[in-house]
Amino acid sequence: MMTIFDFEKPINELESAIAELRQIAAEKGLDRSREIAELEAQRERLLRQIFAHLRPWDKVLLARHPKRPYALDYIRLMCESFIELHGDRLGYDDPAVVAGLAKMGGRNLVIVGQQKGRDLKERQKRNFAMAKPEGYRKAMRMFRLAEKFRLPVLTLVDTPAADPGVESESRGISEAIAQSMLTLFELTVPTVAVILGEGGSGGAIALAATNRVLMLEHAIYSVIPPEGCAAILYRDPNKAPQAADALKLTAESALELGLIDMVIPEPLGAAHRDPQTTALSVRTAVLQQLDELCAMSPDALRDHRYQRFRAMGVFETVG
């Protein structure tokens, strides 16, 4: 069953009418091109109108859209080659984290991403992209590999949070997140993170302590999901839309607050309507950032990363 949000319903009705007209034209051999063109123009006007006035909660829904492209989709569309590596070398492998060696734009690099599942079976296998300690330890293994062979690192962030289960707690999920951040901070190779959909809590920052953090236009980046925030602050998880307003979790807010470096535009109607164009935009932005970072010395890269995060949260008291 296709997921349709309330703000998408008028668009879906137009698209259904367009599809019906095309089917009638094909079956009866009629020329309905003029009517179809008028409906398509109306759909584009409606898309522009709706997407120009999205609320933060609408962006949360788009970031979680089940048809939104995931890490492996971007890797397939952006890279000339990708060799996936498995395991944390401590006896475990976490399918929520995909990692490997890639070639993109003629440049060799290491890619680590969080992978959601496309159907229920895959979602369960990948634990809804909520990584366990072994997922972050697999990521650290890749970061050290990148340092050893002087390869840039690209991380693709898309998770509601790290796995909160008892097993993960018993195996040291907090330590794994902290060590992943520390490992990224200590690297002397260029590092770039792209927030593709949900950038949730420590599960996201464990892969986003990088030189540059980019964010897709309709992605979100937050210390806590809106439902969790609403449950704590308002004692009512149904007030998640209100919490989303307060959390400043949109790409525009993150850029304004200095948490990210760039917002990558999405095609009209969001990434799930045109994954290929979205992937091309991400690829172009990442390669541009890597070109700039690769001109810096190893010590300068590490210092740049340190200074970037030290500057977050700095404010002035006025009046």
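All of the numbers you see were taken from the coordinates with simple rules; none came from a lab. Since the model is a prediction, treat every value here as computed from it, not as a measurement. Note: ideal-geometry Cβ built from the backbone for every residue, glycine included; neighbour counts use all protein chains shown.
Listed values, structure above:
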{"item": "Full-stretch length increase - D31, R55 - with 0.36 nm per residue and alpha-carbon distance subtracted", "result": "4.7 nm"}
{"item": "Selection from A295, N211, H86 lying farthest towards where the dipole of region 60-310 points positive, charges on Cβ", "result": "H86"}
{"item": "Point-to-point label distance, A19-R89, nm (Cα→Cβ direction, 7 Å offset)", "result": "4.9 nm"}
{"item": "Listed residues G313, L268, Q179: farthest to the positive end of the dipole of the chain (Cβ charges)", "result": "Q179"}
{"item": "Rg/Rg_globular for region 81-146, with Rg_globular taken as 2.2 N^0.38 Å and Rg from C-alpha atoms", "result": "1.13"}
{"item": "Efficiency of FRET from Cβ geometry, L233 and L77, R₀ 51 Å, rounded to 0.05", "result": "0.85"}
{"item": "Where labels lie 7 Å past Cα in the beta-carbon direction, separation of F7 and E40 in nm", "result": "2.6 nm"}
{"item": "Hz values of 3J(HN,Hα) by residue in region 69-78 - Karplus curve (6.51, -1.76, 1.60), Gly and Pro given as x", "result": "x, 10, 3, 5, 5, 5, 4, 5, 7, 9"}
{"item": "Using alpha carbons only: equivalent-ellipsoid semi-axes of region 250-319, gyration tensor based, whole Å", "result": "28, 21, 7"}
{"item": "Net charge contributed by nearby residues that have their C-beta within less than 14 Å of S297 (K/R +1, D/E -1)", "result": "0"}
{"item": "Alpha-carbon Rg/Rh ratio, for region 69-211, with Rh computed the Kirkwood way", "result": "0.93"}
{"item": "Hull shadow area, averaged, region 173-312 [alpha-carbon convex hull, nm²]", "result": "9.3 nm²"}
{"item": "Distance violations [Cα-Cα > 31 Å] among K28/K116; K59/K132; K138/K239", "result": "K28/K116; K138/K239"}
{"item": "Fewest-first sequence of T191, T210, T284, T183 by Cβ atoms within 10 Å of each Cβ", "result": "T284, T183, T210, T191"}
{"item": "Over the chain: Kirkwood hydrodynamic radius from C-alpha pairwise inverse distances, Å", "result": "20.8 Å"}
{"item": "Sum of side-chain charges, R141 neighbourhood, beta-carbon under 9 Å (Lys, Arg +1; Asp, Glu -1)", "result": "+3"}
{"item": "Chain lengthening between L255 and D299 when straightened (0.36 nm per residue, less Cα-Cα)", "result": "13.2 nm"}
{"item": "Evaluated at q = 0.18, 0.31 Å⁻¹: base-10 log I(q)/I(0), Debye formula over Cα of region 7-53", "result": "-0.54, -1.08"}
{"item": "Along principal axes, Cα extents of region 279-319, largest first, whole Å", "result": "46, 28, 11"}
{"item": "Segments 221-230, 39-48 sorted - mean Cβ within 10 Å per residue, highest first", "result": "221-230, 39-48"}
{"item": "Cβ-defined net charge surrounding D94, 12 Å radius [Lys, Arg +1; Asp, Glu -1]", "result": "+2"}
